[in-house]
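Notes follow once the structure below has been shown.
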Amino acid sequence: MRGLETQSVGLSRDRLLIVEVDPGPTQLEGLALQRLADVLLQRLRRIQGVQAASYSENGIFSGTESGTTINVPGFTAPAFEDTVVAYDRVGDGYFDAIGATLLRGRGIDETDRAGSPGVIVINESMARFFFGEENAVGRHVTVEDRDREIVGVVGDVRDHQLRGEASRRMYLPLAQTIEHEAISTIKYELRAADPAAIAADARRVLADAYPGLRLLDARPLPELMRESISSDRLVARLVGFFGILALVLAALGLYGVLSYATVRRTSEFGLRIALGAEPGEVTRMVLRQAMVIVVAGGLIGLPLALGAASLLRNQLFGVSPLDPLSIGVALLVLFASAAFAGWLPAARASRVSPLVALRTE
């Protein structure tokens, strides 16, 4: 779980504040709504401590995911799903704000407005899928019946899920695509050294900016990311709890079996001691019996456990079902538990008095 939370996501996770705004009460749409988004952006950029800021329609680990089909001249799609890409509509300076890596060309800037040539920025996965090793910058694609030029390639950004491969994604200027539409929410991405420290200022600026504007949320990105894997964290905790419970029950069961076997062999142990056996020899004999049981159980249970682990492959991240370290630690804990469970009956057996043992017959 720790590996899932800390993996690289292609942006500055610890320096982003995500602010979600509902512009619905303003009743603005189209270019008027886009102009409002720009006005709010300029005010947010003036907050002390904000290093960069931009906005998007879908947001990062918040909001919805959008997808559409595209046509790439010279590319023949083997199946319909190969023409589908995810997309987001963003403001100028978006990639600088989120800390993404621009690999080629440029990002979306203030010149990409309504009436200017249509442009898009694509991620590395999309560039590799449609253009292979060729330079995608300068190539053209058709998006919703409009020709657009690829002006930049950005590194893959995980902006909605931590599991799985990065999806093919493109970014369009909101100003070129909004036309007469209304947007349900606008997400502002504010980059700062301490995102939590500017949250109150961001709320105040937006509250004073426009009558009826509704602020829905303002949280640092790591908090949103942890929320996105809350179900994974719950499953991990449940699995850990039941694993510990199973280990405790196995140790108790082994203790019960050895205790019973020791009582049954009380006379034998007394006779051995009467004939000159050292208490340590009796202790080792009982512990060997415990280890034989554990080894036999391990030989039977380990293949079954590995088979069951392969069924959980999709639930694992950064750990193989055949991970030697994990298997070794599990076996070590099992043997240690068995040794502890067998020690008490072994110690009791080593203290058996020959006279007491003979009276049990």
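The values are calculated or read from the model by the stated rules, or taken from the named source; none is laboratory data. Only a predicted model underlies this, so the values are computations on that prediction, with no experimental measurement involved. Note that each Cβ is placed from the backbone with ideal geometry, even for glycine, and that neighbours are counted across all protein chains shown.
Points worth noting:
- Comparison of T111, T64 shows that the only residue that is at pLDDT 90 or above and not aromatic (F, W, Y) is T111.
- Of all residues in the stretch 224-239, one or more are within 30 Å of I98 (Cα to Cα) and outside any helix (DSSP H, G or I).
- Here is the figure for the stretch 189-243: residues that are touching a Phe, Trp or Tyr at 6+ places or on another chain (Cβ under 7 Å) and of a type in the set (S, T, N, Q) total 1.
- Contacts under 8 angstrom Cβ, first residue in the stretch 169-180 being on the phi > 0 side of the Ramachandran plot, partner at pLDDT below 90, 6 or more apart: E179/G30; E179/L31; E179/A114
- For the stretch 170-206, residues that are buried (at least 21 other Cβ atoms within 10 Å of the Cβ) and small (G, A, S) total 3.
- Scope the stretch 207-223; condition surrounded by fewer than 18 Cβ atoms within 10 Å (Cβ to Cβ) and aliphatic (A, V, I, L, M); matching residues: A207, A209, L215, L216
- Residues being part of a loop (DSSP other than H, G, I, E, B) and in contact (Cβ under 8 Å) with a residue 12 or more places away in the chain - total across the stretch 62-110: 17
- Residue in the stretch 165-186 that is in contact with a strand residue (DSSP E or B) (Cβ under 7 Å, 6 or more places away or on another chain), under 27 Å from G49 (Cβ atoms) and hydroxyl-bearing (S, T, Y) present: yes
- Residue that is nearest to I18 (Cα to Cα), among those in the stretch 211-269 that are modelled with pLDDT under 80 and basic (K, R): R233
- From the options F61, F75, residue that is within 30 Å of F131 (Cβ to Cβ) and either under 25 Å from the mean Cα position of the chain (by Cα) or crowded, with 16+ Cβ neighbours inside 10 Å (or both): F61
- Residue within the stretch 111-119 that is surrounded by fewer than 18 Cβ atoms within 10 Å (Cβ to Cβ), under 26 Å from V50 (Cα atoms) and out of contact with any Phe, Trp or Tyr (no Cβ under 9 Å at 6 or more places or on another chain) present: yes
- Exactly one residue among R45, R89, R35, R104 is touching a Gly at 6+ places or on another chain (Cβ under 8 Å) and of a type in the set (K, R), and that residue is R104.
- Taking the stretch 74-117 as the range and being hydrophobic (A, V, I, L, M, F, W, C) and touching a strand residue (DSSP E or B) at 6+ places or on another chain (Cβ under 7 Å) as the test, the residues that pass are V84, V85, A86, V90, F95, A97, I98, A100, L102, L103, I108.
- Filtering the stretch 195-248 to residues that are touching a residue at least 24 places away in the same chain (Cβ under 8 Å) and acidic (D, E) leaves D201, D217, E227, D232.
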